[in-house]
Amino acid sequence: MTHLHSTLAIVLLLALVISIIITLVNLAGNKPYNRKIALIGLISAHLQLVTGLILYFISARGFQNLSGDTMGDSVSRLYTVEHPIAMLLGIILITVGYSKSKKIADAKQANKTVLIYYIIGLILILSRIPYATWSILN
């Protein structure tokens, strides 16, 4: 399950970067908002969320590790508290950005909305990836 979560993380990062680049090109070129491109980022984020939640509740590094001692150990705190919260907030931002953009009639404003929310979501996600133990890199 950990390997699947790490592999889907690569898919998510690629999907977000591609969504952001295409949306930026659309915004700069006054092109219409492409909901399908933004949907790729949204779907990959939600798939990653589902695998992450499953892993959080079945892994010894997840919910089972939540205790007072966890906050004193930076690695345990990363896996048990910081990583899940940052990822959840990032995915919430991506979802809100996609949902808001669907309701906007102006293409430029829809592109701008997706761009802002997806970039902030990506930054949050990148900030709390446990790179040292990422199974894709090892």
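What single numbered condition from (1) of a type in the set (S, T, Y); (2) closer than 16 Å to P130 by Cβ; (3) without any contact (Cβ under 8 Å) to a residue 24 or more places away in the chain fails to hold for S67?
Of everything listed in (1) of a type in the set (S, T, Y); (2) closer than 16 Å to P130 by Cβ; (3) without any contact (Cβ under 8 Å) to a residue 24 or more places away in the chain, S67 misses just condition (2).
Condition first: surrounded by fewer than 19 Cβ atoms within 10 Å (Cβ to Cβ) and among the polar types (S, T, N, Q). Can you find one or more residues in segment 14-25 that meet it?
no
Restricting the search to segment 105-117, which residues are open to solvent by less than 60 Å² (accessible area, probe 1.4 Å) and out of contact with any Ser or Thr (no Cβ under 6 Å at 6 or more places or on another chain)?
A107, Y117
Pairs needed: first member in segment 84-103, over 13 Å from L47 (Cα atoms); second member anywhere, of a type in the set (F, W, Y) and outside any helix (DSSP H, G or I); C-beta distance under 7 Å; at least 6 residues apart or different chains.
Matching pairs, first to second residue: S101/Y33.
In segment 50-81, what residues are open to solvent by 50 Å² or more (accessible area, probe 1.4 Å) and under 17 Å from the mean Cα position of the chain (by Cα)?
Across segment 50-81, the qualifying residues are V50, L53, I54.
Among the candidates L122, L126, L88, which residue alone is surrounded by 17 or more Cβ atoms within 10 Å (Cβ to Cβ) and hydrophobic (A, V, I, L, M, F, W, C)?
None of the others qualify; the one that does is L122.
For segment 28-48, what are the residues that are open to solvent by 70 Å² or more (accessible area, probe 1.4 Å), under 17 Å from the mean Cα position of the chain (by Cα) and of a type outside the set (A, V, I, L, M)?
H46
The values are calculated or read from the model by the stated rules, or taken from the named source; none is laboratory data. Everything numeric in this text was worked out from a predicted model, so none of it was measured. Here the Cβ is made from the backbone with ideal geometry for all residues, glycine too, and neighbour counts use every protein chain on show. To get the accessible areas, we keep the full protein, side chains included, count just its heavy atoms, and leave off ligands, DNA and RNA. Shrake-Rupley method; radii C 1.70, N 1.55, O 1.52, S 1.80 Å.
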